[in-house]
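Here the structure comes first, spelled out in structure tokens, and everything after it is commentary.
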């Protein structure tokens with residue numbers, strides 16, 4: 001299937017993306033809706049999740065992406081692969097996460113990944129970045145104790161900002177020594193991660209655990 005050409009940057013604050021997504025009917029998305037859920041925020045073309053879904057059939061995988069053409073392409077790719085534990089959804093996560101997860105089977109959300117989000121380099125665009133304090137709070141409400149959030153970026157200040165947001169919330173604890181992880185703890189790398197490594201450039205990674213508080 002030919003790749004869809006789309007804009008690399010989408011402003012989540014524009015009027016087009018202000019309508020929250022509707023709650024999810026989980027039993028319609030997955031063959032086994034009560035399996036543990038891995039949520040990938042900003043999934044782009046979804047290749048990372050499709051690989052994960054094949055490796056871990058006992059998990060369900062949900063990719064959220066603000067660029068609708070990529071979501072349409074990803075779901076077509078999923079159908080071609082015949083994966084019943086994988087779904088992609090078009091939404092603006094910063095105003096849709098709570099409504100999307102409101103009907104989630106209790107205890108399902110066990111893993112979250114946010115990988116190489118749009119850095120929005122200018123300070124005046126900081127509110128366009130995915131990891132805002134409100135998002136961290138919402139994840140704390142749905143992620144089970146012991147669940148993890150895996151963060152990575154090839155832009156150090158973005159990785160630091162994401163880590164600071166999670167570290168400042170009492171429901172999350174950074175695992176390890178506080179240094180960047182030298183390797184990805186997951187069995188699949190994103191296309192961006194592989195390209196960055198192949199160029200010999202650093203990747204800044206961290207894992208946070210949802211703790212009881």
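All of the numbers you see were taken from the coordinates with simple rules; none came from a lab. Every value quoted in this text rests on a predicted model; they were computed, and no experiment measured them. All Cβ positions, glycine included, derive from the backbone under ideal geometry; neighbour counts span all protein chains shown.
List of remarks:
- Helix-only CD estimate at 222 nm, as mean residue ellipticity for the chain, using -39500 (n - 2.57) per DSSP H run (n ≥ 4): -9000 deg cm²/dmol
- Label-to-label distance, nm, for residues given as residue 103 and residue 160 (7 Å Cα→Cβ offset): 4.3
- Chain lengthening between residue 173 and residue 72 when straightened (0.36 nm per residue, less Cα-Cα): 32.8 nm
- Protection proxy ranking for 31-37, 151-157, using the average of other Cβ atoms within 10 Å per residue and placing the highest first: 151-157, 31-37.
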